[in-house]
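To start, the structure itself, in structure tokens.
Throughout, read-outs are computed from the coordinates displayed, never taken from laboratory work. Not measured: the values here are computed from a predicted model. We place every Cβ from the backbone using ideal geometry, glycine too, and count neighbours over all the protein chains shown.
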Amino acid sequence: MAKLPTEVLTAIEKTNPTCIATSSADGVPNIVYVTYVKALDDQTMVVADNKFQKTRKNLEENPRLSVVVLDPDTRKSYQIKGKVDCALDGARYQEVVDWVHVKHPQMTPKAAFYMTVEEIYSGADRLA
């Protein structure tokens with residue numbers, strides 16, 4: 001498990017929308033923009049599944065996720081990779097519903113994907 005450095009946590013907060021990438025079981029990539037992505041702490045991120053189709057199917061087949069963020073002030077980008085777990089109900093799911101409802105009360109996420117951070121890069125440099 002890797003820990004997100006302060007500068008990466010800052011970039012995550014400033015990036016919206018965020019690009020996330022998944023891959024099917026047979027290696028077909030998929031990249032989408034997502035509005036609801038955040039760091040919960042220095043080892044965990046969460047993504048709200050509001051409109052996923054291919055992304056959801058990919059994560060069910062291959063629970064690996066890559067997130068790219070860009071700090072608009074420093075112009076530094078970071079790629080964060082890890083394994084995800086899906087929450088469809090319970091407290092973890094409800095936390096994400098409540099988070100989405102703050103800005104979009106009419107939108108209820110279909111799921112919440114929690115990513116355990118395993119690797120962090122800035123360009124070709126591995127940070128963790």
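What to note about this one:
- With θ taken as phi - 60° and the Karplus curve 6.51 cos²θ - 1.76 cosθ + 1.60 applied, the whole-hertz 3J(HN,Hα) list for region 113-119 is 10, 9, 10, 8, 5, 10, 9 Hz, x standing for glycine and proline.
- Percent RCO, i.e. relative contact order, over region 25-128, from Cα pairs under 8 Å lying at least 6 residues apart: 30 percent
- Put simply, the amide H of residue 43, placed in the peptide plane, has neighbours under 5 Å in 4, leaving out anything fewer than 5 places away on its chain.
- Ranking 112, 53, 8 by Cα position along the charge dipole of the chain, where only Lys, Arg, Asp and Glu carry charges on their C-beta atoms, puts 53 farthest toward the positive end.
- Residues in region 1-45 that a label on residue 98 would reach, taking backbone N under 17 Å of a point 7 Å out along Cα→Cβ: 38-41
- For residue 111, the residues whose amide H sits under 5 Å from its own are 49, ignoring neighbours fewer than 5 places away on the same chain, with H placed 1.01 Å from N.
- Calculated [θ] (222 nm, deg cm²/dmol) that DSSP helices of n ≥ 4 give over the chain, each run adding -39,500 (n - 2.57): -7000 deg cm²/dmol
- Less than 5 angstrom separates the built amide H of residue 62 from none of the residues sequence-distant by 5 or more or on a different chain.
- Estimated FRET transfer efficiency (residue 122, residue 24; beta-carbon r; R0 25 Å; 0.05): 0.35
- In Hz, Karplus ³J(HN,Hα) per residue of region 93-103 (6.51, -1.76, 1.60; θ = phi - 60°; x = Gly, Pro): 5, 4, 4, 6, 4, 4, 4, 5, 5, 4, 9
- Derived scalar couplings between HN and Hα for region 71-86 equal 6, x, 7, 8, 6, 8, 10, 9, 10, 10, 10, x, 9, 10, 10, 9 Hz in order, rounded to whole Hz, by the Karplus curve 6.51 cos²θ - 1.76 cosθ + 1.60 (θ = phi - 60°), x for Gly and Pro.
- Ranked by the mean number of other Cβ atoms within 10 Å of their residues, highest first, the peptides 81-89, 23-31 fall in the order 81-89, 23-31.
- Given charges at beta-carbon only (K, R positive; D, E negative), |dipole| of the chain in Debye: 320 debye
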